[in-house]
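Working notes, beginning with the structure itself.
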There are 2 protein chains.
Amino acid sequence: MSLYVGQTAQLSKVFASAEVAAFAELSEDRNPVHLDAGYAAQTPFKRPIVHGMLLSSLISALLGQHLPGDGTIYLGQTLKFVRPVYVGDGVTARVTVSDIRSDKPIVTLTTEVLNKEGLPCVQGEAVVRYG
Amino acid sequence: MSLYVGQTAQLSKVFASAEVAAFAELSEDRNPVHLDAGYAAQTPFKRPIVHGMLLSSLISALLGQHLPGDGTIYLGQTLKFVRPVYVGDGVTARVTVSDIRSDKPIVTLTTEVLNKEGLPCVQGEAVVRYG
């Protein structure tokens, strides 16, 4: 696959309460801020929020299936959780090639998950080996 | 909550093929290296491996529920995927307090996910605000 700096891919999804509850079981992360509206009302978030790792999993989906795609091996990821995403709101994950090594098939991508207003909620960088 | 450097918490789990398939649907990450033994046999991994983000979600579970626990706000996470975990194998996630800020209620923890031999598979660092 021929990659270039600036190349980008994106994916949109809504995490509704059923998805968030299913992820809570899989991950063992049953923090009530994700699951219980009454509890969330007492926190700075006021409403239930989606798990940061569930949002971030969309980045992995893009890397392995779209950019670079088939044969990608995930080496590392940084994540900053800068803004909450409320359960039921749409999000868009986006990855953009920022660096391509000339000595090895290793590429760095900026990664972000945006809320429905287009504001960044998760920001970071991925490093992958591509096949 | 009174925290100290070196304080640690851990959590063990097996991700079997049913959990990995459920996570593939939630995350949209249907990379066949996680789901298809025939495909995985053609890769360097030889057998289906668990999604790195699913492994990493155990770290979030520990932070929000155990250390620091209730009221924790996840600010950031770094992840290095240094070794695969095979579907059906047990893993242990562990978080250990490495730094406590004196000016703000912010703590840094080293985070790792170990395979059944105790070897690190995911390594990194979390930064959280605690309540």
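The values are calculated or read from the model by the stated rules, or taken from the named source; none is laboratory data. This one's a predicted model, so the numbers in the text were calculated from it and none came from an experiment. Methodologically, a virtual Cβ is constructed for each residue, glycine included, from the backbone with ideal geometry; neighbour enumeration extends over all protein chains shown. For the accessible areas, the whole protein counts, side chains as well, though only heavy atoms, and no ligand, DNA or RNA atoms are used. Shrake-Rupley method; radii C 1.70, N 1.55, O 1.52, S 1.80 Å.
Take the Cα pairs of the protein assembly as shown, get the Kirkwood Rh, then feed it into Stokes-Einstein at 4 °C and 1.567 mPa s and tell me D in µm²/s.
Details: Rh = 18.5 Å.
Using the Kirkwood radius from Cα pairs, D works out to 70 µm²/s.
Using a cut-off of 13 Å between beta-carbons, work out the net charge of the residues near B:GLY131 (Lys and Arg +1, Asp and Glu -1, B:GLY131 not included). It would help to have the intermediate numbers written out before the result.
Details: positive: B:LYS104, B:ARG129; negative: B:ASP70.
Around B:GLY131, the charge tally is +1.
Enter the accessible area of A:GLU125 (Å², nearest 10), with the probe set to 1.4 Å and all protein chains included.
Probe radius 1.4 Å; accessible area of A:GLU125 about 90 Å².
Taking the solvent-accessible surface of protein heavy atoms with a 1.4 Å probe, what is the per residue accessible area of the protein assembly as shown in Å²?
On the way: 11420 Å² over 262 residues.
Accessible surface, normalised per residue, equals 44 Å².
Whenever you get a sec, compute what percent of the accessible area on chain B sits on carbon and sulfur atoms (1.4 Å probe). Each step should come with its number before you reach the end.
Values: 2920 of 5700 Å².
After summing per-atom areas, the C and S share lands at 51 percent.
Within a 10 angstrom radius of each residue's Cβ in B:19-26, how many Cβ atoms of other chains show up on average? Whole number is fine.
On the way: counts 3, 1, 0, 4, 6, 2, 2, 13.
Mean shielding by partner chains, rounded to a whole number: 4.
Report ³J(HN,Hα) in whole Hz for each residue of the range B:13-20, in order, from the Karplus equation J = 6.51 cos²θ - 1.76 cosθ + 1.60 where θ = phi - 60°; Gly and Pro get x.
For the range B:13-20, the Karplus-derived couplings read 7, 10, 9, 8, 4, 5, 5, 5 Hz, x marking Gly and Pro.
Kindly write out, for the range B:96-106 in residue order, the coupling ³J(HN,Hα) from the Karplus curve 6.51 cos²θ - 1.76 cosθ + 1.60 (θ = phi - 60°), rounded to whole Hz, with x marking Gly and Pro.
So the J values, rounded to whole Hz, are 9, 5, 10, 7, 10, 6, 8, 8, 9, x, 10.
Note down the Stokes-Einstein diffusion coefficient of the range A:30-126 in µm²/s, whole number, using a Kirkwood radius over alpha carbon pairs, 4 °C, and 1.567 mPa s.
Values: Rh = 14.5 Å.
Translational D for this selection: 90 µm²/s.
Could you give the radius of gyration (one decimal) and Dmax (whole number) of the Cα atoms in the range A:90-131, in Å?
12.4, 39
With a 10 Å cut-off between alpha carbons and a GNM built on chain A, which of A:GLN42, A:GLN77, A:GLN65 moves the most?
A:GLN42
State, in square angstrom and to the nearest 100, the accessible area buried between chains A and B, both chains counted, probe radius 1.4 Å. Please list the in-between numbers first.
On the way: alone 7180 and 7150 Å², together 11420 Å².
Adding both sides of the contact gives about 2900 Å².
Sorted from shortest, what are the nm distances separating the label point of A:SER17 from equivalent points in the other copies, each placed 7 Å from Cα along Cα to C-beta?
A:SER17 label point versus its equivalents elsewhere: 3.4 nm.
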